[in-house]
Amino acid sequence: MPPAHRLGDALQRHWALAWPLILANAAIPLLGLADAAIAGHLEEAYFLAAVTVGAELFAIFFGSFSFLRMGTTGLVAQATGQQSETLSLRILGNALLLGAVLGVSLTLLGRGFVDPIIDLMQPAGLCCEDLNLWCEMADG
């Protein structure tokens with residue numbers, strides 16, 4: 001059994017690493033909650049429905065790329081454990097490059113990804129009309 005002060009130090013080190021990830025994961029649903037609070041005060045219910053569909057689309061796209069965040073964190077942690085700063089920076093550079101390529105691709109081809117997801121969600125009535133209007137504006 002480790003001495004109490006060593007256990008406290010380990011807990012403090014782990015907490016220092018964990019709290020930013022906890023805040024980041026808690027912030028995702030808060031974005032949709034803030035939008036819903038604003039849209040909930042508007043005169044028509046379909047505004048709130050459109051915000052909900054948009055928040056779900058955001059969650060789908062953001063969650064789909066969690067592999068990049070988690071994979072990079074694990075690989076950098078291994079490289080840090082090996083005390084290889086060069087490897088850590090190379091892994092970070094690869095992840096940033098992959099993220100940039102995926103981001104540009106989604107920006108250019110986004111509508112092709114959004115339409116099938118919207119079809120699966122099956123939003124009704126005026127919500128769907130407004131959603132298509134916003135997507136057309138985003139396409140430029």
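The figures follow:
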| item | result |
| --- | --- |
| Residues that are outside any helix (DSSP H, G or I) and under 21 Å from I91 (Cα atoms), drawn from region 26-78 | F65 |
| Any chance V76 is closer than 19 Å to I28 by Cα, of a type in the set (V, I, T), touching a residue at least 12 places away in the same chain (Cβ under 8 Å) and surrounded by 13 or more Cβ atoms within 10 Å (Cβ to Cβ) | no |
| Set A95, A55: member being surrounded by 14 or more Cβ atoms within 10 Å (Cβ to Cβ), among the hydrophobic types (A, V, I, L, M, F, W, C), in contact (Cβ under 8 Å) with a residue 24 or more places away in the chain and farther than 22 Å from I117 by Cβ | A95 |
| Checklist (1) at pLDDT 75 or above; (2) under 15 Å from the mean Cα position of the chain (by Cα); (3) surrounded by fewer than 12 Cβ atoms within 10 Å (Cβ to Cβ) applied to Q82, failing item | (2) |
| Meets criteria (out of contact with any Leu (no Cβ under 8 Å at 6 or more places or on another chain) and under 16 Å from P123 (Cα atoms)) for L57 | yes |
| Checklist (1) over 28 Å from F113 (Cβ atoms); (2) in contact with a Ser or Thr (Cβ under 7 Å, 6 or more places away or on another chain) applied to I22, failing item | (2) |
| Selected residue [at pLDDT below 90 and either of a type outside the set (D, E, K, R) or touching a Phe, Trp or Tyr at 6+ places or on another chain (Cβ under 7 Å) (or both)] from G112, G99 | G112 |
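The values are calculated or read from the model by the stated rules, or taken from the named source; none is laboratory data. What you are looking at is a predicted structure, and each value in this text was computed from that prediction instead of being measured. Note that each Cβ is placed from the backbone with ideal geometry, even for glycine, and that neighbours are counted across all protein chains shown.
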